[in-house]
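Some notes on the structure that comes next.
The values are calculated or read from the model by the stated rules, or taken from the named source; none is laboratory data. All of these numbers come straight from a predicted model, not from anything done at the bench. Counting neighbours? That spans all protein chains shown, and the Cβs are built from the backbone with ideal geometry, glycine included.
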Amino acid sequence: MDKEVIAAIALGIGLSASAGFRVFVPLFVASIAAHTGFLPVNEGFHWLAGWPAMICFGTATIAEILAYYIPVIDNLLDSITTPLSIMAGTLMLTSVLPIDNEFLRWISGFVFGGGTAATIQAGSVLTRLASTKLTAGLGNHAVATGEHTAAISTSLLSLVIPVIIALLVIVLIIFILLMVKKKKHH
């Protein structure tokens, strides 16, 4: 496989994982990176580099981050952000994947990008539910801060060291799946 394809897949996986922590952070980071020319996007995704996208994603990022610090709203957001994270993860991988066949690019984006985002989001939801149960919601601020940090750092580091981040994401996905499997058996 070509190095460019491997790097693009790794970048897309990293940005998709970030969408599992916060929906709009990777979209905002990708928008800025595309605008500055740091992130090459596929044909049909040049809108991502435009000012309207940066303003919308920037505003949504701020609103999403602040909303996770509001008790009860944080848990409600999980039900809304789960399908949105899958869409964002799909978009992130599809926008950078250098495959000429558009159908194959979108299917790959959904399976790998959306799947990555969904798995990370599931881990995030389970962590918040455990925090709510164990601390009556008092620990949710720490969980939110950790998720914000993970989303921002994963997005930024995916642009610089995509293969390393993708490998770390794969390890995290395996850990989440093992925890879900363990939880089902109890």
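Scanning the range 45-61 for residues that are in a loop (DSSP other than H, G, I, E, B) and under 14 Å from M92 (Cα atoms) returns a single hit, F45. The one condition from (1) in contact with a helix residue (DSSP H, G or I) (Cβ under 7 Å, 6 or more places away or on another chain); (2) among the polar types (S, T, N, Q); (3) surrounded by fewer than 20 Cβ atoms within 10 Å (Cβ to Cβ) that N101 does not meet is (1). Restricting attention to the range 72-85, which residues are touching a residue at least 60 places away in the same chain (Cβ under 8 Å) and buried (at least 23 other Cβ atoms within 10 Å of the Cβ)? Within the range 72-85, just S85 meets the criteria.
Which of the residues belonging to the range 33-44 are among the hydrophobic types (A, V, I, L, M, F, W, C) and either part of a loop (DSSP other than H, G, I, E, B) or over 17 Å from P162 (Cα atoms) (or both)?
Residues satisfying the conditions are F38, L39, V41.
Selection of the range 17-61 for residues being surrounded by fewer than 13 Cβ atoms within 10 Å (Cβ to Cβ) and closer than 19 Å to S124 by Cβ yields an empty set. Residues in the range 95-105: is at least one in contact (Cβ under 8 Å) with a residue 60 or more places away in the chain, touching a Leu at 6+ places or on another chain (Cβ under 8 Å) and not hydroxyl-bearing (S, T, Y)? Yes, there is a match, as at least one residue in the range 95-105 is in contact (Cβ under 8 Å) with a residue 60 or more places away in the chain, touching a Leu at 6+ places or on another chain (Cβ under 8 Å) and not hydroxyl-bearing (S, T, Y). Cβ-Cβ distances below 7 Å connect the following pairs, each with a first residue in the range 142-168 that is charged (D, E, K, R), a second residue that is in a helix (DSSP H, G or I), and a separation of six or more residues or different chains: E147/F21; E147/S124.
Selection of the range 37-70 for residues being touching a helix residue (DSSP H, G or I) at 6+ places or on another chain (Cβ under 8 Å) and hydroxyl-bearing (S, T, Y) yields T61, Y68, Y69.
Exactly one residue out of A88, A118 is touching a helix residue (DSSP H, G or I) at 6+ places or on another chain (Cβ under 7 Å), modelled with pLDDT of 95 or more and farther than 18 Å from V41 by Cβ, and it is A118. Across the range 62-71, the qualifying residues are those that are touching a residue at least 40 places away in the same chain (Cβ under 8 Å) and not in a helix (DSSP H, G or I), and the one among them that is surrounded by the most Cβ atoms within 10 Å (Cβ to Cβ) is Y68.
For the range 35-52, filtering for residues that are without any contact (Cβ under 8 Å) to a residue 24 or more places away in the chain and among the hydrophobic types (A, V, I, L, M, F, W, C) leaves 3. Assess whether F112 counts as being surrounded by fewer than 20 Cβ atoms within 10 Å (Cβ to Cβ), under 13 Å from the mean Cα position of the chain (by Cα) and farther than 14 Å from F21 by Cα. Against the criterion (surrounded by fewer than 20 Cβ atoms within 10 Å (Cβ to Cβ), under 13 Å from the mean Cα position of the chain (by Cα) and farther than 14 Å from F21 by Cα), F112 qualifies.
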